[in-house]
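Note sheet for the following structure.
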Amino acid sequence: MINFKNGIKILIVFVLILIIGLIIFSYFKDNKESVFKVIKIIDGDTIVIEGGEVVRYIGIDTPEIGQEGGDCFAQEAWDINRELVEGKEVKLIKDVSERDKYGRLLRYVWIDGIFVNQYLVRNGYASAATFPPDVKYADDFAEFQKQARQENLGLWDSCQINGIVCSVNVYDCSDFETNQLAQDLYQKCGGVNNDIHKLDSDGDGLACESLP
């Protein structure tokens, strides 16, 4: 009877150790930093690494390239991304999601002490773009975008007409304090005919209806 009880205790301890080990293994597996060589630049926020995986930078959005010359400042964003990472080894760190709906790896990218996602926003090559649950640096990106706008850096200078940007998707409803401010910009950029910022989610001609 004593041996049986001791056996049960040993089994319980073994199971607990196994569970704890699996938890620790899972944690480090999910949070492990990976280093890969960049073999191709697709655009300002997307690269291809050795092995052929496509990596999309988390939390930012750069002007689209390749469509009739691309969006305003698309070439500049592609150029700086190439200068930063092409042919080099970068450190990739995940947030919560592994991939986006297109199958691309979602990662924060670091090289030689430079946080590439942040660098692109802070210098006006990209806008902040928050997609939960990957929000670890969302507040930081929003603040760096604000600074870039205030200093008229990058696309905030080159793509502005009368103080606003209508050729690149750089605003969302969180950029406005009231519905009227969002509506004014929406109308200035062309309303339903050019809702490039996707402020009118239901296509009824009214922007950011959830705002006061």
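The numbers here are math on the coordinates, done by the rules we state, and not lab data. In this text, all values refer to a predicted model and were calculated from it rather than measured experimentally. When we count neighbours, we look across all protein chains shown, and the Cβ atoms used for this are built from the backbone with ideal geometry, even at glycine.
With 29 Å as the limit on Cα-Cα distance, the pairs of Lys101/Lys198; Lys40/Lys136; Lys88/Lys136; Lys101/Lys188; Lys94/Lys198; Lys94/Lys146 that go past it are Lys101/Lys188.
Put a dot 7 Å past the Cα of Gln160, heading toward its Cβ, do the same for Asp139, and the two dots end up 2.7 nm apart. Taking GluC sites (Glu not before Pro) across region 109-212, the ones in a DSSP loop with at most 11 further Cβ atoms lying within 10 angstrom of their Cβ are Glu177. Computed as a quarter of the hull surface, the mean projected area of the alpha carbon convex hull for region 34-148 stands at 6.7 nm².
Here is what passes the span test in the chain: the DSSP H helices with alpha carbon length of 15 Å or more along the helix axis and a Kyte-Doolittle mean of 0.5 or above are 2-31. For region 60-212, the Kirkwood estimate of the hydrodynamic radius, built from every pair of different alpha carbons, is 16.5 Å. Restricting the chymotrypsin sites (Phe, Trp or Tyr not before Pro) of region 95-124 to loop positions (DSSP other than H, G, I, E, B) with no more than 10 neighbouring Cβ atoms within 10 Å leaves Tyr102. For the chain, relative contact order (Cα pairs under 8 Å, six or more residues apart, normalised by length) works out to 16 percent. Working note: 222 nm ellipticity from helices only, DSSP H runs with n ≥ 4, each -39,500 (n - 2.57), summed and divided by the residues of the chain, gives -11500 deg cm²/dmol to the nearest 500. Region 66-116 and region 121-199 have Cα centres separated by 19 Å.
For the chain, a Gaussian network of Cα nodes joined below 10 Å ranks Gln75, Gln187, Gln118 by mean-square fluctuation, and the top entry is Gln187.
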